[in-house]
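Please read the structure below before turning to the comments.
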Amino acid sequence: MRVVVLFAFLTSASLLGCEAADAAPSGGSAAAPAPTLGGRVDGARAKQLVAEGATLLDVRSPGEFAEGHAPGAKNVPVGEVGARLAELDKSRPVVTYCAVGARSRQAAAVLRESGFTVWDMGSLGAWPR
């Protein structure tokens, strides 16, 4: 019985220690939440983001882009994204897409690492018609 009581006491004490470490500093308010860096987004939300001022970035090849693209999209092939960052406005979110989703995911990672807020729509097929 003593072992059970001792175990319960030690467990409670350790959990209280964890809670204190997670609490806000004694200066008052908690730290501001980190800014969002985007994530996955469906076509309807992507279209809404673009209507609100986001840049729509098609990361397919120029040939694929010429065959058809979402209205207002800017074409920067995935292999050129890192070298062409200066063409994008960092103050505006970016919505990426490609044919299937793999290249848009790669481009989104490069953009996030460079400080952009990025929403990855995946494929052009997700764009609402």
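The slack in the chain from Ala109 to Ala51, taken as 0.36 nm per residue of separation less the alpha-carbon distance, amounts to 18.6 nm.
Sorting Asp120, Asp58, Asp42, Asp89 by the number of Cβ atoms found within 10 Å of their own Cβ, with the fewest placed first, yields Asp89, Asp42, Asp120, Asp58.
Spin-label model, Ala66 to Arg40: label points 7 Å out along the Cα-to-beta-carbon direction sit 3.4 nm apart. Hull volume per residue, based on the alpha-carbon atoms of the stretch 74-127 and their convex hull, is 70 Å³. Shown here are the Rg and Dmax of the Cα trace of the stretch 38-126, at 11.2, 31 Å.
Read-outs: derived from the displayed coordinates by stated rules, not from any lab. All of these numbers come straight from a predicted model, not from anything done at the bench. Positions of Cβ are generated from backbone atoms using ideal geometry, with glycine treated the same way; all protein chains shown enter the neighbour counts.
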